[in-house]
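First the structure, in the form of structure tokens, and then the observations on it.
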């Protein structure tokens, strides 16, 4: 199994109150680069602090890294519109950060990104690829893409209280700015991305399509952003088997996830790492509904599960990682 | 063992008659990106044709890839001033291609490149690292750096007839443009690179210094460009053990190589892959003095040798790779 992680950025993340992928807006700009470094090296290198939410919830990259230390799968990092430098080795498929989804064309290079990622997907030759993402603000752009495609599903959030009606209003502004009706991009996935998405979505879509075209099994490792990527693959006309592996945190907060997966003919796996038994600050924020998913977390937890790695061992490793990187009990306060 | 390959470019390569790292100047611009892809994937992906010299000599990347298929070592690709896109995962330590060495400051960011590469070198944690390069025109900038440092040694060439006096004249022009006397950068390696080098040299130097600082053994895998990188490390004041592993093709063409290595306290390994016994166009041009070295070739041949991989198996794999990529006997003519 090879985990492909796509990291990028969108100006959409700077809209107040839609993302918890960083302690503050400045820190958030470094989150995707830091996430790649954490998974690759076990620590940040060029990217500054280990990302935490405003209340101290550690990035899901820490969980993905912990599982990687137990399972030693390969990682290929892909860059599509990073704003900052990363020391992780990356394949660059897109240069520019995405613009605010309320602009008419936030991802003008959607097709170029897709085609480069598709070429890369064909070139990767393991039997199975999992694709994860790191892009603050990504659930809002995922919602934008779902609406442009005419898919009625909701998205999750890295915040405990999902500002879904706020996201819906942002998406409406975006559709207006793009002179698009809801559902007008049905069957035109690259138009949906170009007008409403972020640079990570066409990269995930291209990787999935390229892998499927060359006979590699594909699991989208993540929550509703990956569901949107799966919808893009289906609207592109690819009907090969496709899986989505996410966490119980996303599934609990997204009641229509299974219905959406069924409608898109995507096999759904939901893994519960039983963080409530972890009894540690590194995990308790997840139990309260923060972060939930990202950086391939749902996929690698499913991999641990099917590889018979006990979840207790995963939780222990998460605590080790957390304490090595963030100290004991750091930022454990908050509501 | 991890092979770290540093790829970049310099406008110096566009000077007529100093490099054979491509069939023509336009193709040469793609050579470093293609070399990384060949080693990573066994074929080019974004980078167009497999690089060959004007007479059809295949890039040393093909040899490095062949050895990798037999030995399966890890590869980390580092970008420092590539002109074109590569599908190989890379860590970017330098953004801009180098300027012509006859300009006053061809590598203005030498120190930034060095420090980022040094940080990366500290982060890499295998017991042993080999560092190779791919930069057309690199022996000319290596000569420039050696002269700026006051080191009297000659450099090799990818051409069968080394245009050494032409290179010496170019270096003289470069020293004049930089208002530097020969030897004036003695003990100031980053000044030597800034005024006379290319973006790959400070990256190799930084990687070597960073690895040595964290206790990783370092072998510079290459010929006289790597000798220049070794000189930079010594002029930086690092006196830890350092090795240079190159091919018999470089050693034959560079009579003072051993003396230079001794003077710089660099342990020298010269490997003879006995390409004359290969009896194939993929190797015969090397026997006639073309290409000679590059993309870590000398290092990985030394690794094959000490791993008891028979050179006959290496040669067979080179023929397989050549025929898969370039067909049988393609471009076998020429003088």
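The values are calculated or read from the model by the stated rules, or taken from the named source; none is laboratory data. Keep in mind that what you see is a predicted model, and the values were worked out from it rather than measured. Neighbour counts run over all protein chains shown; Cβ positions are idealised from the backbone, glycine included.
Hey, which of the helices (runs of 4 or more DSSP H) in region A:138-254, taking only ones fully inside, have at least 1 residues that are surrounded by fewer than 24 Cβ atoms within 10 Å (Cβ to Cβ)?
Those helices (runs of 4 or more DSSP H) span A:164-177, A:189-196, A:200-213, A:224-235, A:248-253.
Only residues that are assigned to a helix (DSSP H, G or I) and out of contact with any helix residue (DSSP H, G or I) (no Cβ under 8 Å at 6 or more places or on another chain): list them for region A:7-23, please.
Of the residues in region A:7-23, the ones assigned to a helix (DSSP H, G or I) are A:11-14.
Scanning region A:7-23 gives a single hit, A:11.
Going by the structure shown, is residue B:94 surrounded by fewer than 24 Cβ atoms within 10 Å (Cβ to Cβ), touching a helix residue (DSSP H, G or I) at 6+ places or on another chain (Cβ under 6 Å) and touching a residue at least 24 places away in the same chain (Cβ under 8 Å)?
Against the criterion (surrounded by fewer than 24 Cβ atoms within 10 Å (Cβ to Cβ), touching a helix residue (DSSP H, G or I) at 6+ places or on another chain (Cβ under 6 Å) and touching a residue at least 24 places away in the same chain (Cβ under 8 Å)), residue B:94 does not qualify.
Filter region B:88-111 for residues that are out of contact with any strand residue (DSSP E or B) (no Cβ under 6 Å at 6 or more places or on another chain) and under 29 Å from residue A:4 (Cα atoms); which is farthest from the other protein chains (Cβ to nearest Cβ)?
B:97
Which of (1) over 24 Å from residue B:217 (Cβ atoms); (2) surrounded by fewer than 22 Cβ atoms within 10 Å (Cβ to Cβ) does residue B:318 not meet, given it meets every other one?
Only one criterion in (1) over 24 Å from residue B:217 (Cβ atoms); (2) surrounded by fewer than 22 Cβ atoms within 10 Å (Cβ to Cβ) is unmet by residue B:318, namely (2).
Here is a yes/no grid of residues against (1) in contact with a helix residue (DSSP H, G or I) (Cβ under 8 Å, 6 or more places away or on another chain); (2) buried (at least 23 other Cβ atoms within 10 Å of the Cβ):
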| residue | (1), (2) |
| --- | --- |
| B:269 | yes, no |
| B:289 | yes, no |
| B:310 | no, no |
| B:314 | yes, yes |
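Of (1) within 11 Å of chain A (Cβ to nearest Cβ); (2) modelled with pLDDT under 95; (3) assigned to a helix (DSSP H, G or I), residue B:26 satisfies all except one. Which?
Unmet condition: (1).
Across region B:57-87, what is the number of residues that are touching a strand residue (DSSP E or B) at 6+ places or on another chain (Cβ under 9 Å) and farther than 23 Å from residue B:137 by Cα?
Of the residues in that region, 4 qualify.
For residue B:84, indicate whether it is under 20 Å from residue B:199 (Cα atoms), within 12 Å of chain A (Cβ to nearest Cβ) and assigned to a loop (DSSP other than H, G, I, E, B).
yes
One residue is enough: does region A:61-76 have a residue meeting the conditions free of Cβ contacts under 8 Å to residues at least 24 places away in the same chain, on the phi < 0 side of the Ramachandran plot and touching a helix residue (DSSP H, G or I) at 6+ places or on another chain (Cβ under 8 Å)?
Within region A:61-76 (the criterion being free of Cβ contacts under 8 Å to residues at least 24 places away in the same chain, on the phi < 0 side of the Ramachandran plot and touching a helix residue (DSSP H, G or I) at 6+ places or on another chain (Cβ under 8 Å)), the answer is no, since none of the residues qualifies.
If you take the residues of region A:70-81 that are within 14 Å of chain B (Cβ to nearest Cβ) and within 19 Å of the chain's Cα centre (by Cα), which of them is nearest to residue A:180 (Cα to Cα)?
Per the criteria, the residue is A:80.
Return the only residue of A:45, A:4 being within 13 Å of another protein chain (Cβ to nearest Cβ), within 29 Å of residue A:124 (Cα to Cα) and part of a loop (DSSP other than H, G, I, E, B).
After ruling out the rest, the residue left standing is A:45.
For residue B:122, only one of the following conditions fails: (1) surrounded by fewer than 24 Cβ atoms within 10 Å (Cβ to Cβ); (2) within 14 Å of another protein chain (Cβ to nearest Cβ); (3) out of contact with any helix residue (DSSP H, G or I) (no Cβ under 6 Å at 6 or more places or on another chain); (4) not in a strand (DSSP E or B). What is its number?
Residue B:122 satisfies every listed condition except (3).
Looking only at region A:53-75, how many residues end up being outside any helix (DSSP H, G or I) and farther than 18 Å from residue A:86 by Cβ?
The qualifying residues number 8.
Would you mind finding the one in B:63, B:15 that is closer than 30 Å to residue B:125 by Cβ and at pLDDT 90 or above? Outline the logic, then answer.
Values: B:15 fails: closer than 30 Å to residue B:125 by Cβ.
Step by step, each of B:63, B:15 is checked, and only B:63 is closer than 30 Å to residue B:125 by Cβ and at pLDDT 90 or above.
Taking the conditions exactly as written (assigned to a helix (DSSP H, G or I), within 14 Å of another protein chain (Cβ to nearest Cβ) and touching a residue at least 40 places away in the same chain (Cβ under 8 Å)), does residue B:40 satisfy them or not?
So residue B:40 fits the description; yes.
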